[in-house]
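Read the structure below first, then the notes.
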Amino acid sequence: MQFFLRWGYATLIVSAVLLFCAAMPGSLAAQNSAGGSITGTVTDPSGRALQKVTVVVRNQATHQEQDATSGDQGGFTLTNLPAGTYDLTITAPGFATWLNSNIQIAAGQTENIPIRLKISSGATSVEVQAIAGDSIAAQHALSQDSLDTESPQSFISGEFIRNFTPSTTDFSELINIAPGTISYNPNGVGLGQGTMYFRGFVDGDYNITWDGIPFNDSNNPTHHSWAFFPGPWISGVDFDRSPGSASTIGQATYGGSINLLSRDVPSQQSVQPEISYGSFNTLLIDGQYNTGMLGPHQNIGLSLDVHRMTTDGFQTFNDLQRTAGEIKVLYKPTDRTTITGYSGVVSLFGNAPNVSAYRAQINAYGWNYMLQNNDPTSAFYQKYNTNTVPTDFEYVGVRSLLNHGWLLDVKPYTYSYNNAQYYANDNPNDMTGLATGPNGSSGWITEANCSIQNADQNGKIAPCAIDKLNSYRKYGETSTISQSSKYGVFRTGLWYEWATSNRFQIPSDPITHQDQAVPNFHENYWTNSVNPFVEYEWHATRKLTVTVGDKYAYYNLSFKQFADNGKVVGNLNGAPFVTSAGSSGANLPSAQANYRLTDYWSVYGQFGKGDEIPPTSVFDVTGGGGEVPKIPTPQLTSAYQGGTVVKLNRFTMDADYYRVKFQNNYIPFQVANPNNPGFDLNEYYLGPDSVTQGFEAEVNASLGYGLNLYANGTVGKANYTGSGVPSGLNVADTPAYTQGLGLTYQAHGMDLGVIEKRVGDYYNDNGAYHNQAYVAPYNNVNLFLNYTVHKSSLFDGSKIKFSINNLFNSEDIVDVFPFNSPTPVNGSAYIATTAQSPLDQINLTSGRSFVVSFKLALNREK
């Protein structure tokens, strides 16, 4: 651990020295004597000319500089250069920095240099033109990969988010357009916690980042789509379905990375109020203010957004209220240095139980049943089930181009999550599930049953309600130092994060909210995560790029677990608490390459190893988490992938084949049976290894007259391997296929779209036993119609939007959590049968809904 901390301190010291050097560049005075010249044309990966690109030339001997900006055709000229050796640096938003550090100029000589920029992997926004070039089909693509890619990716643009998702959307809905993904929210689009899978990876098996910073829960790397980053704050998504290269950081590169991108600070001043109203009494009021670039040097600006959303939700009495605000500040002290500050704060309150609806409840009371408010003796009484969730997320990013092609990118950050949840438990003796309905009286929640005093007198644990907290604060930093030359790009850096957490569950009286003295569990823990890395992106030829690297993933966890009622660690023989600690790590090499067959066609291949931090329940010694007795090495994947990208004028395609081997997979399982000692907890089981493989593709076609077609598909299989697991046993939540289809019309300010997502059949597990619940194929169709004001300097961007989700009102089961215990077959540890129960918990698609939005954009006239 000391080694990694010293590496971190060294990185910071080197970064500070390089930043200090960068703050004192000399400026090149106009030369009176005749000299040489440098001319060139700057283009994107498809050969399209790039305008307003910054070009800087620096004399290696005198350190004097001269700059220029590319013109309408991408051309630039630098004149009156004294004879000597020069560094030439090209920078543009959305593209990787280009550098040639050995240009020889003689007196009177003109050196012509053609320059083709590559897409930047560290860009904070997805530049559509940078990816699409002159391809009409790519410019209107709903999802696409880049010609420069070295792994299967989908770039989901801001145009898709603004025009073909409702204003209430969240990131779980956005990724649903990409190949191989499943996303659903039973309470309505963006109106609760969304569920996400891709390629059979459940949430927690992959990264999600915000402007390059990984964020996730501290007990396992899962995420919350209803908190942190509402849909109006997201400008684009870079969805990498691979472990990434060595410089891909985070606690769960195991499956891939969903990289969310904040909006850029606009150069023009504007005020943009928006109001949206929709089904389930959903109201969203949003306001955005952009200052434009201010000051005598036009080098500072900010963007501010505030919003308030309230909804009753599709599910009965599953209400939600959210108040949120974000601010992003951009400051450019020099042409070579950019400082970005960001803060986002969310306050959320909702009514929701801790379980999904029972099968019996859905059958008796309707597809949208969740809570009721007329029977205070029922565990499903609305007032007994609440969530209060404040979050915040802050960072300061410094990006500075130094001398000799060195680039410094440092981003310290902090964020917190505090979910104070309160929920009642159903009567464990009710085996019908019907006594909790809106018209019945369970008689369960009474002072006689739930009083803490009564329960303590009898030496019992009051089971009627749970007072629950999941809280953490994290501090971290991402640091990268890179050097660009005509041969390629060298990168090294470090991600470090420290987290402190507090979690408990305490039995409680739902009528008085009085907690029992002894908890189900209570734990404090501290996590150190370190990812040092090094990689080299070799530009072997004009057409071939090869990237190789290595990363070490190291995790240290320290625990304090307090005595409890026996659900997790027990009474500890009278001791107040027990402490434990452990460390683990893994080496993660990667190698990948891209070869440009033509200006519009490329192929790529990748080998990469990913990891996932072990869940904190490995420290539990009895009860809910006892299946994993000690901290293991990180869970690992080995991915082999290859693909191709084609971008023609009216047609684009990207396709890939993948084969991924999963090792040390820990399978989370929510205990649904209240008679199980682990009820209300997630249990973790050491699952067998597995292999998933398949084929993915997505195409975009411009049909003319404003019509565009998008289609994607995934066909594959995922099977467990190992002792006791017969061939053909399927990995949970891995559909046999997924399909996406979108037909859009975009012209004359109109955006019309019909988008369908179809998901093949798959299975859910029951603890360590696989294929215990069958989920039939289902599909969903959404409709969008918008009109946007253009060609008006004052009202550019004003918009009216209308959307319908689940157009055909399909009622589909998307997940099943079995109640009954599995019955092993022939003593197998993996194969069993599970009888269907009225107390099975099921998740379903939300019903048909609409949202209409009015946005007024008031822009400062140029």
Quiz item: Going by the structure shown, is ASP765 on the phi > 0 side of the Ramachandran plot, in contact (Cβ under 8 Å) with a residue 12 or more places away in the chain, open to solvent by less than 30 Å² (accessible area, probe 1.4 Å) and out of contact with any Ser or Thr (no Cβ under 8 Å at 6 or more places or on another chain)?
Solution: no
Quiz item: Taking the stated definitions as given, is TYR720 in contact with a Ser or Thr (Cβ under 9 Å, 6 or more places away or on another chain) and farther than 24 Å from ALA701 by Cβ?
Solution: yes
Quiz item: Of the residues that sit in the range 747-762 and are β-branched (Val, Ile, Thr) and crowded, with 22+ Cβ neighbours inside 10 Å, which one is farthest from TYR737 (Cα to Cα)?
Solution: ILE755
Self-check item: Output for the range 546-578, where each listed residue is in a strand (DSSP E or B), farther than 17 Å from SER529 by Cβ and not acidic (Asp, Glu)
Solution: VAL546, THR547, VAL548, GLY549, LYS560, GLN561, PHE562, PHE577, VAL578
Quiz item: Checking VAL398 against (1) within 25 Å of the chain's Cα centre (by Cα); (2) aliphatic (A, V, I, L, M); (3) closer than 28 Å to ASN100 by Cβ; (4) open to solvent by less than 20 Å² (accessible area, probe 1.4 Å), which test does it fail?
Solution: (4)
Quiz prompt | From ALA517, ALA581, residue being part of a loop (DSSP other than H, G, I, E, B) and either surrounded by fewer than 21 Cβ atoms within 10 Å (Cβ to Cβ) or β-branched (Val, Ile, Thr) (or both) | solution = ALA517
Exercise. With respect to PHE607, determine if the residue is open to solvent by less than 10 Å² (accessible area, probe 1.4 Å) and under 23 Å from the mean Cα position of the chain (by Cα).
Key: no
Quiz item: Out of ASN281, ASN299, ASN318, which single residue is surrounded by fewer than 17 Cβ atoms within 10 Å (Cβ to Cβ) and under 15 Å from GLY192 (Cβ atoms)?
Solution: ASN281
Practice problem: Taking ASP134 as meeting all but one of (1) surrounded by fewer than 18 Cβ atoms within 10 Å (Cβ to Cβ); (2) at pLDDT 75 or above, write down the number of the exception. | Solution: (2)
Quiz item: Mind checking whether some residue in the range 241-252 is modelled with pLDDT of 95 or more, open to solvent by less than 10 Å² (accessible area, probe 1.4 Å) and outside any loop (DSSP other than H, G, I, E, B)?
Solution: no
Quiz item: Which one of GLY301, GLY325 is within 22 Å of the chain's Cα centre (by Cα), under 22 Å from ILE234 (Cα atoms), part of a strand (DSSP E or B) and small (Gly, Ala, Ser)?
Solution: GLY325
Exercise. Residue by residue through the range 794-853, note down the ones that are of a type in the set (Asp, Glu) and either open to solvent by 20 Å² or more (accessible area, probe 1.4 Å) or not in a loop (DSSP other than H, G, I, E, B) (or both).
Key: ASP796, GLU811, ASP812, ASP815
Exercise. Run down ASP170, ASP238, ASP211 and say which single residue is acidic (Asp, Glu) and surrounded by 24 or more Cβ atoms within 10 Å (Cβ to Cβ).
Key: ASP170
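The values are calculated or read from the model by the stated rules, or taken from the named source; none is laboratory data. Here the structure is a predicted model, which is why all the values come from computation and not from measurement. In this analysis, Cβ positions are derived from the backbone assuming ideal geometry, glycine residues included, and neighbour counts consider all displayed protein chains. Heads up: the accessible areas ignore ligands, DNA and RNA and are worked out on the full protein's heavy atoms, side chains in. Shrake-Rupley method; radii C 1.70, N 1.55, O 1.52, S 1.80 Å.
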